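Novice: Have a look at the structure that comes next, please.
The values are calculated or read from the model by the stated rules, or taken from the named source; none is laboratory data. Remember, it's a predicted structure, so these values are computed and weren't measured experimentally. FYI the Cβ positions are ideal-geometry reconstructions off the backbone, even for glycines, and counts take in every protein chain you see. Protein only, heavy atoms only, side chains kept; ligands, DNA and RNA dropped before computing areas. Shrake-Rupley method; radii C 1.70, N 1.55, O 1.52, S 1.80 Å.
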Amino acid sequence: MSKHIQAVRGMNDILPEETPTWRHLEEVVRQLLDAYGYHEIRMPIVEKTELFKRSIGEVTDIVEKEMYTFEDRNGDMLTLRPEGTAGCVRAGIQNGLLHNQQQRLWYRGPMFRHERPQKGRYRQFHQIGVEVFGLDGPDIDAEHILMTARLWKMLGLDAVVELQLNSLGTVASRAAYRGILVEYLWHHVDALDEDSRRRLDSNPLRILDSKNPEMRPLIEAAPKLTDHLDEESQAHFDTLCAILDEAGVEYHINPCLVRGLDYYGKTVFEWVTNKLGAQGTVCAGGRFDGLVEQLGGKPTPAMGFAMGVERLVSLLEAEHVPEEHYQPHAYLVQVGEAAQRRGLLLAEQLRDALPLLRLEVHCGGGSFKSQFKKADKSRAPLALILGDEEVANGTLGIKFLREETEQKLLSQQDVIDYLSGYLIRSAT
Ligand code: ATP
Ligand code: MG
């Protein structure tokens, strides 16, 4: 026999036992974003490679070594999107959504990075991203943080995540700080790892973001960008902190938080947990006031963040039993020739009358015993029983699979009323 073909390493199937948690998360996020007045946008998964090089930055992990880039049949260089912001900005410019406008947008979907697969780090992973355009004040930065803080409460995760916050200042203040940092790092050049040495010239701030634990002490002792902020960025940051203080949102200012992409300036933040091992950042973002112009649009302030869906799902699974909202309400057991002919039609009538009913119809025949086994496995609380006798009398049996209630025999019309009441009771 030929060898089974396996999925691409680091690209996972999301199995039926996991999807309830995914859907729960997606549903809660969607409700939250609707409630805050954000609008969904859907972008292509493939973009021109140039878009990511110009936005994320040539000297970043993503562009240097993580992108899935290929030449298509026309000879164009294309890339599977490693993140959503670049595509969102491209779509905003191309469709005239940004100039002189305010936009609150969100998207979700798969992203692709050729990283070393491990827990919480995959080659295809999913993000839910939020981007706001046309607002330059700290109020919108605060809205993003308050909104995510509310999300953790809605998901029951507020006790296991904490907020880290920093300001990267303006381009000018970063340039001034860069000189100070490089001087410090040259003094300690022997202690730098290979990656960092390479970045000393090209992108020294990124060294602060190093994941190498041996670099930690050196990085922690480095001069801090927060001590060299320009006045405007400092005032922006102070106002943001004041709003968070008033709202009672706790945060830790982390001067080493620089984020892995070039386009950020001023506010950056991450929500981190210590429950997932090394891959602890579940949500990350910041301000990117320069990016729209960098990609050819008119200067437009912008702020956004992205959540890692796999990491949040793991956290939900670790924190409590996954939601079980999606099992059927009822399983239709149908035994006998007449019943099998009638069953599917009866199910359609029930669905016409009760659009919210989740009804699983037994197919493939079998004895009552084997069909009840399937009913039980479906986790439905009710079994609807249709035998040849019920067909002849226009009735339907209702058996309670998860509670001690006596079986009922109702007319098929009364079953509709009964199920309607049942749906109302089980929704509350
Ligand atoms: P990390 O520091 O963990 O590598 P990052 O800074 O590269 O993250 P971002 O580009 O900011 O990540 O992406 C936002 C979020 O997407 C991350 O905080 C994380 O939750 C998630 N994420 C990023 N890369 C991966 C990946 N390879 N697998 C799973 N989730 C990821
Ligand atoms: Mg990364």
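Novice: Checking the conditions here, which among Gly297, Gly277 is under 28 Å from the mean Cα position of the chain (by Cα), surrounded by fewer than 21 Cβ atoms within 10 Å (Cβ to Cβ) and at pLDDT 95 or above? Before the answer, list the steps.
Specialist: Details: Gly277 fails: at pLDDT 95 or above.
After ruling out the rest, the residue left standing is Gly297.
Novice: Only residues that are assigned to a loop (DSSP other than H, G, I, E, B) and open to solvent by less than 40 Å² (accessible area, probe 1.4 Å): list them for the range 256-270, please. Even if it seems obvious, please write down each step before you answer.
Specialist: Narrowing the range 256-270 to residues assigned to a loop (DSSP other than H, G, I, E, B): 256-264.
Scanning the range 256-270 gives Cys256, Leu257, Val258, Arg259, Gly260, Leu261, Tyr263, Tyr264.
Novice: Which residue pairs have Cβ atoms under 6 Å apart, sit 6 or more places apart or on different chains, and have a first residue in the range 334-353 that is free of Cβ contacts under 8 Å to residues at least 24 places away in the same chain and a second that is surrounded by 20 or more Cβ atoms within 10 Å (Cβ to Cβ) and not in a helix (DSSP H, G or I)?
Specialist: Partner pairs satisfying both residue conditions: Ala347/Leu332.
Novice: Which number in (1) in a strand (DSSP E or B); (2) in contact with a Gly (Cβ under 6 Å, 6 or more places away or on another chain); (3) within 15 Å of ligand 2 (Cβ to nearest atom) marks the one condition that Gln279 misses?
Specialist: (1)
Novice: Could you check the range 23-60 and list, in sequence order, the residues that are touching a helix residue (DSSP H, G or I) at 6+ places or on another chain (Cβ under 8 Å) and aromatic (Phe, Trp, Tyr)?
Specialist: If the condition is that a residue be touching a helix residue (DSSP H, G or I) at 6+ places or on another chain (Cβ under 8 Å) and aromatic (Phe, Trp, Tyr), then Tyr36, Phe52 are the ones that fit.
Novice: Of these, Glu317, Glu310, which one is surrounded by fewer than 24 Cβ atoms within 10 Å (Cβ to Cβ) and within 16 Å of ligand 2 (Cβ to nearest atom)? Outline the logic, then answer.
Specialist: Values: Glu317 fails: within 16 Å of ligand 2 (Cβ to nearest atom).
It is Glu310.
Novice: Looking only at the range 242-268, which residues are away from ligand 1 (no atom under 14 Å from the Cβ) and of a type in the set (Lys, Arg)?
Specialist: Scanning the range 242-268 gives a single hit, Lys266.
Novice: Can you find a residue that is more than 16 Å from ligand 2 (Cβ to nearest atom), acidic (Asp, Glu) and more than 22 Å from Trp152 (Cβ to Cβ) anywhere in the range 99-119?
Specialist: no
Novice: Based on this model, can you work out whether Val171 counts as touching a strand residue (DSSP E or B) at 6+ places or on another chain (Cβ under 8 Å) and among the β-branched types (Val, Ile, Thr)?
Specialist: It is true that Val171 is touching a strand residue (DSSP E or B) at 6+ places or on another chain (Cβ under 8 Å) and among the β-branched types (Val, Ile, Thr).
Novice: Of the residues Glu71, Glu66, only one is within 10 Å of ligand 1 (Cβ to nearest atom), among the acidic types (Asp, Glu) and either more than 18 Å from the chain's Cα centre (by Cα) or at positive phi (or both); which?
Specialist: Details: Glu71 fails: within 10 Å of ligand 1 (Cβ to nearest atom).
None of the others qualify; the one that does is Glu66.
Novice: Taking the range 1-26 as the search range and keeping residues that are of a type in the set (Ser, Thr, Tyr) and over 18 Å from Gly156 (Cβ atoms), which one is farthest from ligand 1 (Cβ to nearest atom)?
Specialist: Step by step, filter the range 1-26, then rank; the result is Ser2.
Novice: Going by the structure shown, is Glu40 of a type in the set (Asp, Glu), away from ligand 1 (no atom under 16 Å from the Cβ) and under 17 Å from Gly109 (Cβ atoms)?
Specialist: yes
Novice: Hey, can you tell me all the residues within the range 390-428 that are without any contact (Cβ under 8 Å) to a residue 24 or more places away in the chain, surrounded by 14 or more Cβ atoms within 10 Å (Cβ to Cβ) and acidic (Asp, Glu)?
Specialist: Asp414
Novice: Being open to solvent by less than 30 Å² (accessible area, probe 1.4 Å), under 22 Å from the mean Cα position of the chain (by Cα) and within 16 Å of ligand 2 (Cβ to nearest atom) is the filter here, so list the residues in the range 20-62 that pass it. Can you show your working first?
Specialist: In the first step, residues of the range 20-62 are kept if they are open to solvent by less than 30 Å² (accessible area, probe 1.4 Å); the result is 20-22, 25, 28-29, 32-33, 38, 41, 43, 47, 49, 51-52, 55-57, 60, 62.
Right, trim to under 22 Å from the mean Cα position of the chain (by Cα) and you get 20-22, 25, 28-29, 32-33, 38, 41, 43, 47, 52, 55-56, 62.
Listed by number, the residues that qualify are Phe52, Ser55, Ile56, Ile62.
Novice: Somewhere in the range 27-35, is a residue more than 15 Å from ligand 1 (Cβ to nearest atom), in contact with a Leu (Cβ under 8 Å, 6 or more places away or on another chain) and more than 30 Å from Pro328 (Cβ to Cβ)?
Specialist: No, the range 27-35 contains no residue that is more than 15 Å from ligand 1 (Cβ to nearest atom), in contact with a Leu (Cβ under 8 Å, 6 or more places away or on another chain) and more than 30 Å from Pro328 (Cβ to Cβ).
Novice: A further question on this structure: Restricting to the range 97-139, name every residue that is among the aliphatic types (A, V, I, L, M) and more than 9 Å from ligand 1 (Cβ to nearest atom).
Specialist: Leu97, Leu98, Leu105, Ile128, Val130, Val132, Leu135
Novice: Still on this structure, please answer the following. Looking only at residues that are of a type in the set (Gly, Ala, Ser) and free of Cβ contacts under 8 Å to residues at least 24 places away in the same chain in the range 1-19, which one is surrounded by the most Cβ atoms within 10 Å (Cβ to Cβ)?
Specialist: At the first step, the residues of the range 1-19 found to be of a type in the set (Gly, Ala, Ser) are 2, 7, 10.
With free of Cβ contacts under 8 Å to residues at least 24 places away in the same chain added as a condition, the list becomes 2, 7.
Numbers: Ser2: 4, Ala7: 9.
Result: Ala7.
Novice: From (1) within 15 Å of ligand 2 (Cβ to nearest atom); (2) surrounded by 16 or more Cβ atoms within 10 Å (Cβ to Cβ); (3) under 17 Å from the mean Cα position of the chain (by Cα), pick out the condition that doesn't hold for Ile128.
Specialist: (1)
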